[in-house]
Amino acid sequence: MPGTATETTDLSADAAKDAAAPARGKAGEGKGKSASSNSSATSSAAARLAKLGLRRPVDLVLHLPMRYEDETTLAPIADAIRRAGLGQPAQVEGEVISNEVTFRPRRQLVVKIADASGELTLRFLNFYGSQTKQMAEGVRLRVRGEIRGGFFGAEMVHPTVRPVVEGEALPDRLTPVYPATAGISQAYLRKAIGGALSRTPMPETLPRPVLQGPLARLQLRPLADCLRLLHAPPPEESEAALADRTHPAWQRIKFDELLAQQISLRRAHAARREKTAPTMPRREAGLLTRFLAALPFRLTGAQERVVAEIAADMTRPHPMHRLLQGDVGSGKTIVAALAACQAIDAGYQAALMAPTEILAEQHFRKLSAWLEPLGVPVVWLAGSLKAREKREAAARVESGEAQLVIGTHALIQDTVRFAKLGLSVVDEQHRFGVAQRLALRGKAGATDVPAPDTVPHQLMMSATPIPRTLAMTYYADLDVSVIDELPPGRTPIVTRLVNDERRDEVIARIHHAAAEGRQVYWVCPLIEESEALQLQTAVETYETLVAALPDLRVGLVHGRLPPAEKASVMDDFSANRMQVLVATTVIEVGVDVPNASLMVIEHAERFGLAQLHQLRGRVGRGSAESVCLLMYQAPLSPTARERLATMRETTDGFEIARRDLEIRGPGEFLGARQSGEAMLRFADLQTDAWLVEYAQEAAELMLAQFPEAVEAHLSRWLGGREHYLKA
Ligand code: ADP
Ligand code: MG
């Protein structure tokens, strides 16, 4: 079929050529550079499109406009001038009556055009010689832009301009404006996308029984019609519905996208079921039992429940893929330790990976203190180890001597090979990227594992609670356990907002708390623009506090500190040899010093809600009443005010997450790293949550009965991106 492309072959020379062919000489765009369509122009065109992720014809077809420009009507110049200042761009046509380059106040091109009703000045501060010619006297121009009242009368600065082609009608559709990046003009994209649209038929992928069955109520329109409409809507379509994406055509697009996501999540789930994992029966009188007996406290009911869920997963011959959620301080570490015991009891190794060295080290100390007395060799592996130490640690991992391995990203380096990895635990999983989580899973590569498809069980832990609609879409391939109860004896944290100007009172309060034998965190402001500046502020705060509190021991910990020093500071603080710890956000996750009961967060207005909640979670871990002082600098922006008010009103992580979602929206909420999100460009999980249930139902039906439709749909929407779901 010459001339028609299939959806998914590489972007053919055709499509790239469309883009490389001269765009209709718009003065402001295209820059006249694309005049040749020889092979080098074609391949650079394809490369430019690839920068936007547009590799196949179908990618172009699914690259949808962000907004539109209405070029369907012409106004007489006088009318357009009369309506100037309303913020609406106008389109007029006129003949060039003068054209000159002036030099006051700087070099610029000034062109005047006129029609029967009046005159208009066009001003160009940056221009090419070719533009001067294009707008020579006597040429008829069609121009579009915003009219302003300039010093010399009405003018347009940098309008979009093109010569009028005799007999050419005005466009009868709205002109799309596409997401683009540097080096790709709108004219270029329109051409490429228009070409792809006409050559790619986009047949229906939803089988009729699905459309007429579970989806009947949605009354979905044919996809191909929707795409044509969205790329070039007739001017009578509702602009508001197009803009806020509630138009039925948008609904169809979003539905198809969500369907692709649901199908692939289910497939990832099924694929995992096909894999085998080592079975790890719970042994009576094994390590697990001895460990439980040695614990200084009793598990909470919630801990008992999640431990049982995890233990049951690990007795099965398929890999566990479970997320353990529990608010900060709910006691997830012990649950991880118990799972590790079960793996070790069964003769396998367990690995625990944490996102920061401080946290990993704390885990190492705690778990080796618990387990080494029971005869379990625990190995520490982090980037800061000397090369020789690292080699030794790696050798103990590879020989299988190390039964529990704890560390940072260093665990997933190529040089680390496990003899018999049966369980991998990722703490604070939201801090890791997809690739890193995959890498730890890939470490099974074990010598004694029966089949090549065998993978370790995986437990992910997070204190960031995920509201239900998000969990449904992002984590369909994940089983979730929740610890919804804090260990007994905790007193709730009192949170206060304090104006920055009352710093002296805050320092006095620290002194008072320390005198009562309590310990204090002082968190330095987040300075996003500059790590160096952040460090400098931390050092200054430290010096101020040392001077202001001469009778106390004050320490400083930040990300640039050599690991040995970091460890010794944390050590002193844990052992209460140091009363005040000045810290950057390195202490954000996981750090556990129960005697610390006062937390000061400076410039709290700069932090996000999740981060504030994590930071605050460092106190309130013992029986003493804890206080968190959020110091802020006035004036507060409305969202900062809302965040701080939320922090004062509640300590419930779920409630905070819910409000965070409200304030920020789900994309930012989960961070770009979460797996399922990589697949959603159009659907919005807040406004389109109601579509998800339909997508789930359709996904199930298609997987069960229409395997070919499933393939076609996935390849259209996902291309090569499906592997992201496996993390
Ligand atoms: P997180 O869930 O934030 O990772 P941790 O595992 O660090 O919480 O536990 C917080 C603190 O609570 C630790 O000091 C831990 O030893 C303690 N803890 C955990 N479970 C219990 C329990 N059942 N009873 C008493 N204290 C507990
Ligand atoms: Mg923790």
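The values are calculated or read from the model by the stated rules, or taken from the named source; none is laboratory data. This is a predicted model, so every value here is computed, not measured. Using ideal geometry, Cβ is built from the backbone for each residue, glycine included, and neighbour counts are taken over all protein chains shown. Just the protein is used for accessible areas: all its heavy atoms, side chains included, with ligands, DNA and RNA removed. Shrake-Rupley method; radii C 1.70, N 1.55, O 1.52, S 1.80 Å.
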Practice item. Show the residues, 5+ positions off or on another chain, whose built amide H is closer than 5 Å to the amide H of LYS420. Key: GLN349
Review point. What residues qualify as long-range amide H neighbours of HIS457, i.e. H under 5 Å apart, gap of 5 or more or another chain, H built at 1.01 Å from N?
Key: MET320, LEU423, SER424
**Study point:** Loop GluC sites (Glu not before Pro), the range 250-326, which have at most 12 other Cβ atoms in a 10 Å radius of their Cβ (DSSP)
**Key:** GLU284
Check your understanding: Which value in Å is the Kirkwood Rh of the range 493-650 over different Cα pairs?
Key -> 15.6 Å
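Pick out, in residue order, every one of the chymotrypsin sites (Phe, Trp or Tyr not before Pro) in the range 80-175 that is DSSP loop and has at most 11 other C-beta atoms within 10 Å; say none if there are none. Show your work: numbers first, answer last.
Numbers: sites: PHE103, PHE124, PHE127, TYR128, PHE151, PHE152; in loops: PHE103, PHE127, TYR128, PHE151, PHE152.
Loop-located and lightly packed - PHE103, PHE151, PHE152.
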Point to revise | Calculated from backbone phi, Karplus (6.51, -1.76, 1.60) coupling profile of the range 375-380 in Hz, x at Gly/Pro | key: x, 9, x, 10, 10, 9
Exercise for review: Quick one: what are the phi-derived ³J(HN,Hα) couplings along the range 203-208, Karplus 6.51/-1.76/1.60 with θ = phi - 60°, whole Hz, x for glycine and proline?
Suggested key: x, 4, 9, 7, x, 3
Practice item. Note down the nm distance, to one decimal, between modelled labels 7 Å out along Cα→Cβ at GLU693 and at ALA224. Key: 3.3 nm
**Study point:** Residues of the range 533-652: accessible area per residue with a 1.4 Å probe, Å²
**Key:** 38 Å²
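ASP79 to VAL164: FRET efficiency via 1/(1 + (r/R0)^6), r the Cβ-Cβ distance, R0 22 Å, to the nearest 0.05? Write out the running numbers ahead of the final one.
Working: r = 18 Å, r/R0 = 0.84.
Efficiency at R0 = 22 Å is approximately 0.75.
Quote the FRET efficiency, to the nearest 0.05, computed for LEU636 versus PHE103 with a Förster distance R0 of 45 Å and r equal to the Cβ-Cβ distance. Could the numbers behind the result be given before it?
Working: r = 48 Å, r/R0 = 1.07.
Result of the calculation: an efficiency of 0.40.
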Review point. By average Cβ neighbour count within 10 Å, what is the ranking of 247-255, 490-498 from highest down?
Key: 247-255, 490-498
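Between ASP484 and LEU295, how high is the FRET efficiency from 1/(1 + (r/R0)^6) when r is the Cβ-Cβ distance and R₀ = 25 Å? Nearest 0.05. Each step should come with its number before you reach the end.
Values: r = 21 Å, r/R0 = 0.83.
Approximately 0.75, to the nearest 0.05.
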Exercise for review: Give me the number: length gained by fully extending MET66 to GLU95, i.e. 0.36 nm times residue separation minus the C-alpha to C-alpha distance, one decimal in nm.
Suggested key: 7.2 nm
Review point. So who's got an amide H within less than 5 Å of the one on VAL582, skipping anything under 5 residues away but keeping other chains? H placed 1.01 Å off N, in plane.
Key: TRP522, GLY555, LEU556, VAL557
Check your understanding: Can you work out ³J(HN,Hα) from phi for every residue in the range 295-307, in order, using Karplus 6.51 cos²θ - 1.76 cosθ + 1.60 and θ = phi - 60°, giving whole Hz and x for Gly and Pro?
Key -> 4, x, 9, 9, 5, 6, x, 5, 5, 3, 5, 5, 4
Review point. Exactly which GluC sites (Glu not before Pro) in the range 510-568 are in a DSSP loop and have at most 13 other Cβ atoms within 10 Å?
Key: GLU516, GLU528, GLU529
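Figure the gain on full extension for LEU52 and LYS366 (residue separation times 0.36 nm, minus the Cα-Cα span) and round it to one decimal in nm. Each step should come with its number before you reach the end.
Values: separation 314, 0.36 × 314 = 113.04 nm, distance 4.71 nm.
Here the answer is 108.3 nm.
Report, as a whole number in µm² per second, the diffusion coefficient that Stokes-Einstein gives for the range 146-305 at 20 °C and 1.002 mPa s using the Kirkwood radius over alpha carbon pairs. Could the numbers behind the result be given before it?
Numbers: Rh = 22.6 Å.
Translational D for this selection: 95 µm²/s.
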Check your understanding: GLU505 to ARG316: extension gain in nm, 0.36 nm per residue of separation minus the Cα-Cα distance?
Key -> 62.3 nm
Study note, to complete from the structure: Once Lys and Arg are counted +1 and Asp and Glu -1 for all other residues with Cβ under 12 Å from that of ARG490, the total becomes -2
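Based on the mean of other beta carbon atoms within 10 Å per residue, what is the order of 694-700, 408-414, 599-605, most packed first? Show your work: numbers first, answer last.
Values: 694-700: 20.6, 408-414: 18.3, 599-605: 24.3.
Descending mean neighbour count gives 599-605, 694-700, 408-414.
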